[in-house]
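Below: the structure, in structure tokens.
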Amino acid sequence: MRPTLRARRARLDPAVRGAREVVGMYGDPDTTWGICLEAHVDAPVAADDVADRVAALCARHAHLGHAPEVLVVAADGWPAARRQVASAPYGPSSPLVRLALTDDGTRLLVGAHHGVIDGLGLLAVAGGALGRGLRTRARGIGDRAAPYGFLGSSVRRLGEALTDPPARFAGDGDAGSPVEDLSSVTRPRVERGTAHLARAVLSTHAEGRWRRTGRRPVLVIGASRRTDDLPQPDRQTAYLRLRVGTGVDVESLAPAIAQLRPEPDFPETSAGGTAPLAVRLLSSRLGATAMLSNLGLVSGDGLLSVTMFPASSGPRSVAVGLASTSVTTTLSLRTRRRDFGVEEHAALVQALSDRFFA
């Protein structure tokens, strides 16, 4: 006899249950909801020190779950470690924070379930793990209200999914592959932000190679409700949704993004499992053309670069991250192998970075 929903829930670690409830009504039922941040510093840190600091952080913040171990990785194993930290499934008693460190101690990966913390929460954990404060100039949207309630917005999204689903990036992947590809391009720092990133994504998508239909692109942009630059290891996430009509002047993207109202917060529930079922039935018509996340200008002692990998969600998912330090700017791309082959992923990150850094 299969265990009841109540019995399955009872076996979940309380922190895991809390994380799953937070994202229970969101997007893609196949996603692991893993987000990941990579920090490169100019002086090595010790794995034992990293583990002790994060254990203390988890003890102070119960929603983070139990403390993880630190995976120490040789340079040639770093791409695989990046995939593992970012996208491996979270089990019923898994740590909700993940850590990996290069064997020379200069590169740290911090991953977490997105139901626990957001990108700025990851930054707080990374700063704690490194033993140095990391801050960002990025400012959130505060208490800016959504234009519709959850029910009204859901009806609108359902109508769009049925009549005018978002355009997708075209690609030919391996349909059965569970692998995700994560890569990044780091250049000397440039003064560019979310509007420049959106412009690069939209202009790349407009190319014949990447556009398969005449549908309108939709960008989902991660935002925060934080009001200061002191990051805390929690989740204060909001989402902005930019639906791009035909003939839109990409030069007007900055004011268009600035005027966006956030999507309504979802109830912290999976609605008894019916929400993921409904999403699965409409999965091919939901989501967005691309998901964007910008951590802004991050400061911290000895910090050389920061890379942000947003959660991969929705059909033909294309997740693009951006972060800068005082010396570098890094653009990242995360895709699923089932949607984009290895060469397609490489070509896409090259095309995006060429347009963004041009």
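All of the numbers you see were taken from the coordinates with simple rules; none came from a lab. Bear in mind the structure is a predicted one, so any value in this text is a computation, not a measurement. Every residue, glycine as well, gets a Cβ built from its backbone with ideal geometry; the counts of neighbours run over all protein chains shown.
Applying the Karplus relation 6.51 cos²θ - 1.76 cosθ + 1.60 with θ = phi - 60° to the range 41-56 yields 3J(HN,Hα) values of 10, 8, 9, x, 10, 8, 4, 5, 5, 4, 4, 5, 5, 6, 4, 5 Hz, where x marks Gly and Pro. Close amide H contacts of residue 134 (hydrogens built in the peptide plane, cut-off under 5 Å, sequence separation of 5 or more or a different chain): 127. Each residue of the range 333-344 was assigned a 3J(HN,Hα) from its phi angle through the Karplus expression (A = 6.51, B = -1.76, C = 1.60, θ = phi - 60°), giving 9, 10, 9, 9, 4, 5, 9, 9, x, 4, 5, 5 Hz with x at Gly and Pro. Close amide H partners of residue 305, meaning residues 5 or more places away or on another chain with modelled amide H under 5 Å apart, are 40. For a quick check: with amide H placed at 1.01 Å from N, whose amide H comes under 5 Å from residue 73's, ignoring anything fewer than 5 positions away on the same chain? Sorted by chain and number, the residues that satisfy this are 101, 102, 103. The phi-based Karplus calculation (6.51 cos²θ - 1.76 cosθ + 1.60; θ = phi - 60°) puts the 3J(HN,Hα) values of the range 106-111 at 10, 10, 10, 9, 10, x Hz, whole numbers, x for Gly and Pro. Given 5 Å bins starting at zero, what is the percent of C-alpha pairs of the range 168-211 in each, up to the one with the largest pair distance? Over the range 168-211, the share of Cα pairs per 5 Å bin runs 5, 14, 17, 23, 20, 14, 7, 2, 0 percent.
Here r is the Cβ-Cβ distance between residue 215 and residue 78 and R0 is 45 Å; the resulting FRET efficiency, rounded to 0.05, is 0.75.
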